[in-house]
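Each remark here refers to the structure printed beneath this line.
Each value in this text was obtained by applying a stated rule to the coordinates, not by laboratory testing. Everything numeric in this text was worked out from a predicted model, so none of it was measured. Glycine also receives a Cβ, built like all others from the backbone with ideal geometry; neighbour counts cover every protein chain displayed.
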Amino acid sequence: MDISAPLAFLSSESGDKIAYKINKGRGPTFIWCGGLKSDMEGGKAQHLHQWAQEEDQDFIRFDYFGHGASGGDFTDGTISHWAQDVITVMDALAGEQVILIGSSMGGWASLLAALDRPDRVKALLLIAPAPDFTEKLTWASWSEETRRQLEADGIVYEPSDYDEPYAYSKALIEDGRARQILDAAIPFDGPVHILQGAKDEVVPWTYSQKIVGALTSENVDYTLVKNGDHSLSAPADLDRLVRAAKNLRRKVTTK
């Protein structure tokens, strides 16, 4: 995939460098918000960047604190920190109208950023979104022994699909517990499209579907892909992702 986009860096409030790549074009600005332990060089992010180049579309992809080419240690990261990274990128680089594309953990970070910048975020495209996952999926699945290990060691390691295991710090779990949003109404009224795989073993479709009921928006589309897994990176999935992005762009620009 040939994407001519130089690597650039932005300073965060904490002084760490946020790595990003950008395609300057017409608004609204799409911002890719990846999942836990992923980076901006993933297939979905690159595919969207290529689409943005082909259509002269404003688009940004970036790496959170402790991810990819950005600064910081992953084990020092929290949901609050990563959501703030979304806001930092938005405030520094995006146009007036923003559409956030959040994948898995990035769906949570996107929702938090949208609540913090309701005047800027006009729509959300969420892929297997996992708000509250640290508490309702991770902590809830742990044995008492694992929970005691977190208390004793301050960190728990679990297998991942990446080169390194997931590192769940005590700070990540406690911060996630404080930033839960699924137990009350989520006051976002713009258009939302959720893409979810029926065979997702990381974020079950029954879990992400809860977001539909929690959102105050009456303009919510939920697409369940019968044979889709958590990544939703097959060619048909990528085509579906671009169609959803185009549809949200149309809704935002024709209001």
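Run through segment 162-210 and list the chymotrypsin sites (Phe, Trp or Tyr not before Pro) located in a DSSP loop whose Cβ has at most 12 other Cβ atoms within 10 Å.
TYR162
Among ASP76, ASP237, which comes first, then next, by fewest other beta-carbon atoms within 10 Å?
ASP76, ASP237
Enumerate the lysines that LYS251 could reach by cross-link, defined here as Cα to Cα under 19 Å, with residues fewer than 8 away along the same chain left out.
LYS251 reaches LYS122.
Measuring from centroid to centroid over Cα atoms, what is the spacing of segment 128-144 and segment 5-32 in Å?
29
Two decimals is fine: what's Rg over Rh for the chain, C-alpha atoms, Kirkwood radius as Rh?
0.94
Return the FRET efficiency for the residue pair LYS170, SER14: r is the Cβ-Cβ distance, R0 is 22 Å, and the value is rounded to the nearest 0.05.
0.70
If R₀ is 30 angstrom, what is the calculated FRET efficiency for the pair ASP163 and ASP119, using the beta carbon separation as r and rounding to 0.05?
My answer for the efficiency is 0.15.
Could you compute the FRET efficiency for LEU224 and ARG148, with r as their C-beta to C-beta distance and R0 at 30 Å, rounded to 0.05?
0.20
Mind checking which lysines have their C-alpha under 25 Å from LYS37, skipping anything on the same chain fewer than 8 residues away?
LYS17, LYS21, LYS136, LYS170, LYS199, LYS210
Starting at the first residue of segment 140-149, write each ³J(HN,Hα) from the Karplus equation 6.51 cos²θ - 1.76 cosθ + 1.60 with θ = phi - 60°, in whole Hz, x for Gly and Pro.
Taking θ as phi minus 60°, the curve returns 5, 8, 6, 6, 4, 5, 5, 5, 5, 5 Hz for segment 140-149.
With 10 angstrom as the radius, rank SER14, SER169 by how many other C-beta atoms surround their C-beta, starting from the fewest.
SER14, SER169
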